[in-house]
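What follows is a single structure, written as structure tokens, with notes after it.
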Amino acid sequence: MHQMTLAEIARGLADKKFSSEELTKVLLARITQLDPQLNSFISLTEELAIEQAKAADARRANGESGALLGAPIAHKDLFCTQGIRTSCGSKMLDNFKAPYDATVVAKLAAAGAVTLGKTNMDEFAMGSANESSWYGAVKNPWNLEHVPGGSSGGSAAAVAARLLPAATATDTGGSIRQPAAFTNLTGLKPTYGRVSRWGMIAYASSLDQGGPLARTAEDCAILLQGMAGFDQNDSTSIDEPVPDYSASLGESLQGLRIGVPKEYFSAGLDPRIAELIQNSIKELQKLGAVIKEISLPNMQHAIPAYYVIAPAEASSNLSRFDGVRFGHRCEHPKDLIDLYKRSRGEGFGAEVQRRIMVGAYALSAGYYDAYYLKAQKIRRLVKNDFMAAFNEVDIILGPTTPNPAWKLGAKNSDPVAAYLEDVYTITANLAGLPGLSMPAGFVDGLPVGVQLLAPYFQEGRLLNVAHQYQLHTDWHTRTPQGF
């Protein structure tokens, strides 16, 4: 059962080959047995899962149907779940039980999805390796000595290890696509505003976006269908009709114009990954796609701009965690200032403190114009580059990451080296565009991803291209040894 995709589970449940309760119990037992190797879960919600599975079986018995009805999933631990710990991977929120469900959680529960638990993540989604979590690092099932990527590494590792078929995740600068690449999954960051952020604890509000992580594009289409849609509780949610993503998966790629930016193939890209990307391009050409070289001239400025904007927004968002209203509170404070200092110093880890300090500096009176305002101007130039490119091509293709997954601890002493690993993913967040990573091969036994970017609200186009590619390749079917 654990080897089935979300689509196969939907068909099995519809054909009454097994019940949701049976499947849920199998996966819960598998998580209990195997997750100690990976540390991909922070919380297991066994009682809730069995209760939801029984309810889904009853709904099916009454004639209801639906691709997510009775399907087991997990949520990244920054989606608020009523009455269940929502920690953001931080000591600061270790004792926080959300009083309500995030919109994404509520929508998927209404569709009948079964929540197995909450997955591990970089603290407050700040990181590219899932090593900054207060609950310990997550390990990559393809090689337990390597990182699974971050910040959605817990969701990625759990799905890759076949502990469950799919999971929710979030992407602020590549945190869905990079873990997908590192663990041989398909991961989609939707257009900014396509998926509600209400109840999704914020890192950088103008960049964060929720999306699906799964083994196939078909599964991502199913999960995104349940997540997407307008939400009046979220002021950044966009009132745009949600198409049937699964219905568009059979479209031909004949004549599809694929742009390949020349800036992607610089000295920083591992030549073995470059070769796999070229192989992917040839495969898509066989399916009828037309390849065109394009340019994104301001890509080189994206990382410095992102690492001003994101920490600036983080310093603002995380100011609410002060030891007064909720979250960690230090013991026996001498006065209010001592309460603030020690509560935040004890509650936040090193990476979060580093980004808060950078952000507060960039927003300070003497430096706002020099840093934050300039970064926002660069952001606009990055967006303009994409708009010009999409006048010429239908999608943009390139590597998801410049290197395969690195060893645990390898970049801990050099945060900037880890930041540079986001060079290909960050631009989509700065521009608000949808992006997808799909499996493209292996380097030294570690997975490699190819990234696709599309114009606003063209998630269906990305999913179709990935689905057609996966019909003619088998990278996405490979399973890590021992799982």
### Query
Taking LYS377 as the anchor, which aspartates and glutamates have their alpha carbon closer than 14 Å to its alpha carbon, excluding any fewer than eight residues away along the same chain?
ASP369, ASP385
### Summary
Once the dipole of the stretch 6-254 is set up from charges on Cβ (+1 Lys and Arg, -1 Asp and Glu), the residue from the list PHE41, THR191, GLY89 lying farthest towards its positive end is PHE41
#### Entry: For the chain, share of DSSP beta bridges that run antiparallel, in % to the nearest 5
70 percent
### Summary
When every protein chain stays in place and a 1.4 Å probe is rolled, HIS472, HIS75 sorted by accessible area with the largest first are HIS472, HIS75
### Task
Provide the solvent-accessible area of TRP142, counting protein heavy atoms only and rolling a 1.4 Å probe, rounded to the nearest 10 Å².
50 Å²
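What is the dipole size for the chain, taken about its Cα centre, with +1 at each Lys and Arg Cβ and -1 at each Asp and Glu Cβ, in debye to the nearest 20?
On the way: 45 positive and 49 negative charges, 58 e Å.
It works out to roughly 280 debye.
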### Query
Okay, helix-only estimate at 222 nm for the chain: each DSSP H run of n ≥ 4 adds -39500 (n - 2.57), divide by all residues, round to 500 deg cm²/dmol; what do you get?
-11000 deg cm²/dmol
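DSSP loop trypsin sites (Lys or Arg not before Pro) in the stretch 1-48 with at most 14 other Cβ atoms within 10 Å of their Cβ, which ones?
Working: sites: ARG11, LYS16, LYS17, LYS25, ARG30; in loops: LYS16, LYS17.
Of the trypsin sites (Lys or Arg not before Pro), the ones in loops of the stretch 1-48 whose Cβ has at most 14 other Cβ atoms within 10 Å are LYS16, LYS17.
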#### Entry: Accessible area per residue in Å² at 1.4 Å probe, computed on the chain
37 Å²
### Query
What is the sum of charges around GLN285, taking Lys and Arg as +1, Asp and Glu as -1, for the other residues whose C-beta is under 13 Å from the C-beta of GLN285?
+3
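Sorted by accessible area with a 1.4 angstrom probe, largest first, how do VAL114, VAL358 fall?
Values: VAL114 0, VAL358 65 Å².
Final ranking, largest accessible area leading: VAL358, VAL114.
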### Dipole-positive endmost among ALA314, VAL114, VAL324 within the chain (Cβ charges, Cα centre)
VAL324
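Sort the stretch 6-254 into rounded, prolate or oblate with this rule: let a ≥ b ≥ c be the square roots of the eigenvalues of the Cα gyration tensor; rounded if a/c is under 1.5, and if a/c is not under 1.5, prolate when a/b is larger than b/c, oblate otherwise. List each step's numbers first, then the result.
Numbers: a/c = 1.30, a/b = 1.14, b/c = 1.14.
Taking the square roots of the gyration eigenvalues as a ≥ b ≥ c, the stretch 6-254 is rounded.
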#### Entry: Solvent exposure ordering (accessible area, 1.4 Å, most first) of GLU293, GLU22
GLU293, GLU22
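If you place +1 on the Cβ of every Lys and Arg, -1 on the Cβ of every Asp and Glu, and leave all else neutral, what size is the dipole of the stretch 6-254 about its Cα centre, to the nearest 20 Debye? Before the final figure, lay out each step's value.
Working: 21 positive and 27 negative charges, 70 e Å.
It comes to approximately 340 debye.
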### Task
Taking every Cα atom in the chain, find the radius of gyration and the maximum pairwise distance Dmax, and write them in Å.
21.2, 70
### For the stretch 57-91 versus the stretch 210-261, the gap between their alpha-carbon centres in whole angstrom
20 Å
### Query
Percent antiparallel among DSSP beta bridges with both residues in the stretch 6-254, to the nearest 5?
70 percent
### Message
In the chain, if the dipole is taken from +1 on Lys/Arg beta carbons and -1 on Asp/Glu beta carbons about the Cα centre, which of GLY63, ILE395, GLN209 is farthest to the positive end?
### Response
GLN209
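Of the accessible area of the stretch 263-404, with the probe set at 1.4 angstrom, what percent is carbon plus sulfur? Each step should come with its number before you reach the end.
Details: 3910 of 7130 Å².
Taking all protein chains in place, the stretch 263-404 shows 55 percent carbon and sulfur surface.
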### Message
What does the net charge come to around THR477 if you take all other residues with beta carbon closer than 13 Å to its beta carbon, with K and R at +1 and D and E at -1?
### Response
-1
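Once you have the Kirkwood Rh of the stretch 260-354 from its Cα pairs, apply Stokes-Einstein at 25 °C and 0.890 mPa s and quote D in µm²/s. Walk me through the numbers before you get to the answer.
Working: Rh = 17.9 Å.
Approximately 137 µm²/s, per Stokes-Einstein.
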### Message
Just the number: Rg to Rh for the stretch 1-89, Cα atoms, Kirkwood Rh, two decimals.
### Response
0.98
## Note on the structure
Restricting to aspartates and glutamates and to Cα separations under 13 Å from LYS139, and discarding same-chain partners fewer than 8 apart, the set is ASP35, ASP122, GLU131
### Cα gyration tensor category, rounded, prolate or oblate, for the stretch 129-264 with a/c compared to 1.5
oblate
### Task
Lys and Arg at +1, Asp and Glu at -1: add these up for the other residues within a Cβ distance under 15 Å of LYS25 and post the number.
-4
### the stretch 347-457 shape via C-alpha gyration tensor axes, a/c threshold 1.5
oblate
### Cα centroid of the stretch 1-47 to Cα centroid of the stretch 415-483, whole Å
25 Å
### Task
Express the carbon and sulfur contribution to the solvent-accessible surface of the stretch 6-254 as a percent, rounded to the nearest whole number, probe 1.4 angstrom.
48 percent
### Query
Which of the lysines could a cross-linker span from LYS54 if the Cα-Cα distance has to be under 24 Å and same-chain partners fewer than 8 positions apart are dropped?
LYS16, LYS17, LYS25, LYS76, LYS107, LYS118
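The values are calculated or read from the model by the stated rules, or taken from the named source; none is laboratory data. Keep in mind that what you see is a predicted model, and the values were worked out from it rather than measured. Counting neighbours? That spans all protein chains shown, and the Cβs are built from the backbone with ideal geometry, glycine included. With ligands, DNA and RNA removed, areas are computed over all heavy atoms of the protein, side chains included. Shrake-Rupley method; radii C 1.70, N 1.55, O 1.52, S 1.80 Å.
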